[in-house]
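Read through the structure below, which is laid out as structure tokens, and then see the notes.
The values are calculated or read from the model by the stated rules, or taken from the named source; none is laboratory data. Just so it is clear, the model here is predicted, and its values are computed rather than measured. Cβ: placed from backbone, ideal geometry, glycine included. Neighbour counts: every protein chain shown. Just the protein is used for accessible areas: all its heavy atoms, side chains included, with ligands, DNA and RNA removed. Shrake-Rupley method; radii C 1.70, N 1.55, O 1.52, S 1.80 Å.
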Amino acid sequence: MSDFIILENDQVIFIPAFGAAVVTVQPGIMKATGKTTLGGKKICVVGDEAQLSVPGCPYMTPQYVTPGVGTLKIEKLAGNQQSKKTKSGGKKIILKGMMLKAKFEVQTPAQDPTPVATGGSPIPDGTRSYSGQGSFQTTNMKFKVS
């Protein structure tokens, strides 16, 4: 089945729920290294997703209510987000598909402020990353491949 090709500057829209963490998400902007262009924009090929990074996103969990900060990334494309046959420069092309696997990497842990009320120190979130999902939003409504 064919699907729309992801182009340079298309967006990744992350879902705020990352397991126990709720992230204040921001869209990611795809950079493209494909050898082919469509409508003057380079196409995204497999490997380009690994370059996407959205730093500075606040998060918290039910236990750690003082917000922390981290970075949103694409962990893995779904099978329907890679071309089966068509390639650009020898690499599979990234397609819109359904949901991709996303990762939220904690830089500054959220904290549990409860111990402060009893004279203790806040407890930092010990989880270094959370898993979630996202999807591509493309400006391309014309070009499809399989």
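Take segment 100-122 and flag every residue that is of a type outside the set (D, E, K, R), farther than 24 Å from K42 by Cβ and either touching a residue at least 24 places away in the same chain (Cβ under 8 Å) or assigned to a strand (DSSP E or B) (or both). Show your work before the answer.
Step one: of segment 100-122, the residues of a type outside the set (D, E, K, R) are 100, 102, 104, 106-111, 113-122.
From the residues that got through so far, the ones that are farther than 24 Å from K42 by Cβ too are 104, 106-111, 113-122.
Within segment 100-122, F104, V106, Q107, T108, P109, A110, Q111, P113, P122 qualify.
Which count do you get for residues in segment 58-83 that are farther than 30 Å from D3 by Cα and under 16 Å from the mean Cα position of the chain (by Cα)? Explain how you work it out, then say what you get.
Step one: list which residues in segment 58-83 are farther than 30 Å from D3 by Cα, which gives 58-70.
Within this subset, residues satisfying the condition of being under 16 Å from the mean Cα position of the chain (by Cα) are 58-59, 69-70.
Matching residues across segment 58-83 total 4.
Out of all the residues in segment 2-45, which are on the phi > 0 side of the Ramachandran plot and touching a residue at least 60 places away in the same chain (Cβ under 8 Å)?
Within segment 2-45, the subset on the phi > 0 side of the Ramachandran plot is 9, 19, 39-40.
Matches in segment 2-45: N9, G19, G39.
Considering segment 87-112 alone, what residues qualify as being out of contact with any helix residue (DSSP H, G or I) (no Cβ under 8 Å at 6 or more places or on another chain) and open to solvent by 50 Å² or more (accessible area, probe 1.4 Å)?
The initial filter retains those residues of segment 87-112 that are out of contact with any helix residue (DSSP H, G or I) (no Cβ under 8 Å at 6 or more places or on another chain), namely 87-93, 99, 101-112.
Those that are out of contact with any helix residue (DSSP H, G or I) (no Cβ under 8 Å at 6 or more places or on another chain) and open to solvent by 50 Å² or more (accessible area, probe 1.4 Å): K87, G89, G90, K91, K92, M99, K101, K103, Q107, T108, Q111.
Going by the structure shown, is V46 farther than 16 Å from S131 by Cα, in contact with a strand residue (DSSP E or B) (Cβ under 8 Å, 6 or more places away or on another chain) and either open to solvent by less than 70 Å² (accessible area, probe 1.4 Å) or hydroxyl-bearing (S, T, Y) (or both)?
Details: farther than 16 Å from S131 by Cα: yes; in contact with a strand residue (DSSP E or B) (Cβ under 8 Å, 6 or more places away or on another chain): yes; either open to solvent by less than 70 Å² (accessible area, probe 1.4 Å) or hydroxyl-bearing (S, T, Y) (or both): yes.
So V46 fits the description; yes.
Would you mind telling me which numbered condition in (1) under 21 Å from T139 (Cα atoms); (2) among the charged types (D, E, K, R); (3) within 13 Å of the chain's Cα centre (by Cα); (4) assigned to a strand (DSSP E or B) K87 fails?
Every condition holds for K87 apart from (3).
Here are some conditions: (1) outside any strand (DSSP E or B); (2) open to solvent by less than 30 Å² (accessible area, probe 1.4 Å). P62 meets all but one. Which one does it not meet?
Of (1) outside any strand (DSSP E or B); (2) open to solvent by less than 30 Å² (accessible area, probe 1.4 Å), only one is false for P62: (2).
If a residue has to be among the hydrophobic types (A, V, I, L, M, F, W, C), touching a Ser or Thr at 6+ places or on another chain (Cβ under 8 Å) and at pLDDT 95 or above to count, how many in segment 99-146 make the cut? Walk me through it before giving the result.
Restricting attention to segment 99-146, the residues satisfying the condition of being among the hydrophobic types (A, V, I, L, M, F, W, C) are 99-100, 102, 104, 106, 110, 116-117, 123, 136, 141, 143, 145.
If we keep only those that are touching a Ser or Thr at 6+ places or on another chain (Cβ under 8 Å) as well, we get 99-100, 102, 104, 106, 110, 123, 145.
Then keep just the ones that are at pLDDT 95 or above; that gives 99-100, 102, 104, 106, 110, 123.
Selection size over segment 99-146: 7.
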